[in-house]
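One structure is given below, encoded as structure tokens.
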Amino acid sequence: MTSLLERIRRPEYTGSNRCWPCTITNGALVAVAATALALIRRRRLAAAVGIAGIASIGLRGYVVPYTPRFAPQLAAVLSLDPHDADEPGSLSGVPGSDEAGGDDAVSGEAVLAALVEADVVVPDGEELRLEPAFRSAWRDEMRSLRDDDLEALARLADRHTAPETDVWVGSSFGRSYLVLQGEGGGIVTLRREIAVAELGAARALESRVDDPAIRRAAGRPLRSLLETCPLCEESLEITQATCCGEVTPIGSLPSEKLYCPDCNVRLFTFDRER
Ligand SMILES: [Zn+2]
């Protein structure tokens, strides 16, 4: 039995590698098939289809062949799930804002220079590391924010974003997140773990960096230096698993992601060149 289960099981699409767009899409398809059979009074077959479908999604991550390729695109087209974009939305990604490429765009070099000058990050050979005093100040801020509800985080995000940016709480598929809308109407969504990490960083930077645009833009690069999860403080892992549907060009490796296995959240996606 074990070996049969092992043969059916697809670890690359389940556990921490599970793709939620695939799971949701397949769950819906199984439900539709089982309901259709039940309606034409094939109840036993309907029950069998339902049970086999759910078992397959549980063990393999999907039931319909090729879902790993089409589901994420489908989810993206239908805007079903803003949580599985390649790289999580960021405070610095509000369309039309200075950081996202407006006339007064803050360059990556300017952010890095400001962070080094403020003793927030320390160059260490080819790498950067967080200065320990800043790391602990940032952790304290994340601790104080992680029990806040999203409405409180939205108010805080409103204070820390550009004046023309609107912030509210949105939700889909039972999951809530912050929505940030820039001047031109473009939006970016911020998941809870990203909001806690970046708003915590913005607050920890307040006494160290004067320019609010730099404090906002710093959140995303600083996230790549997180060692523990903003929500549970467990150690983060780096995974290179390809989420189903993530398109990896032939000959290149899937991108590495900073990931909390306990919360099943992704904190950062490293560039593919790395
Ligand atoms: Zn966690």
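The values are calculated or read from the model by the stated rules, or taken from the named source; none is laboratory data. Remember, it's a predicted structure, so these values are computed and weren't measured experimentally. Positions of Cβ are backbone-derived with ideal geometry, glycine not excepted, and every protein chain shown enters the neighbour counts.
Name every residue in segment 146-169 that is without any contact (Cβ under 8 Å) to a residue 60 or more places away in the chain and not charged (D, E, K, R), in order of residue number.
Leu150, Ala152, Leu153, Ala154, Leu156, Pro163, Val167, Trp168, Val169
Inside segment 6-112, counting only helices (runs of 4 or more DSSP H) that do not spill past its ends, which hold 2 or more residues that are over 16 Å from Ala241 (Cβ atoms) and modelled with pLDDT under 70?
67-77
Which of (1) more than 21 Å from Glu87 (Cα to Cα); (2) in contact with a Leu (Cβ under 9 Å, 6 or more places away or on another chain); (3) outside any loop (DSSP other than H, G, I, E, B) does Glu151 not meet, given it meets every other one?
Status for Glu151: all satisfied but (2).
Please verify whether segment 248-271 includes one or more residues that are more than 16 Å from the ligand (Cβ to nearest atom), at pLDDT 90 or above and in a loop (DSSP other than H, G, I, E, B).
No, that holds for no residue.
Would you please name the residue that is modelled with the highest pLDDT, looking only at residues in segment 198-242 that are closer than 24 Å to Asp271 by Cβ, of a type in the set (Gly, Ala, Ser) and more than 18 Å from the chain's Cα centre (by Cα)?
Ala202
Report the residue count in segment 123-135 for those that are of a type outside the set (D, E, K, R) and either at pLDDT below 95 or surrounded by fewer than 12 Cβ atoms within 10 Å (Cβ to Cβ) (or both).
The qualifying residues number 4.
Which of (1) in contact (Cβ under 8 Å) with a residue 60 or more places away in the chain; (2) over 16 Å from Leu222 (Cβ atoms) does Met142 not meet, given it meets every other one?
Every listed condition holds for Met142 apart from (2).
For the structure I just gave you, tell me whether Glu193 is within 16 Å of the ligand (Cβ to nearest atom) and at pLDDT 90 or above.
For Glu193, the condition - within 16 Å of the ligand (Cβ to nearest atom) and at pLDDT 90 or above - is met.
Of everything in segment 154-179, what is of a type outside the set (Ser, Thr, Tyr) and under 18 Å from Leu267 (Cβ atoms)? Give them in sequence order.
If the condition is that a residue be of a type outside the set (Ser, Thr, Tyr) and under 18 Å from Leu267 (Cβ atoms), then Ala157, Arg175, Leu178 are the ones that fit.
Those residues that are touching a strand residue (DSSP E or B) at 6+ places or on another chain (Cβ under 7 Å) and polar (S, T, N, Q), I need them from segment 124-168; list them, please.
Thr161, Thr165
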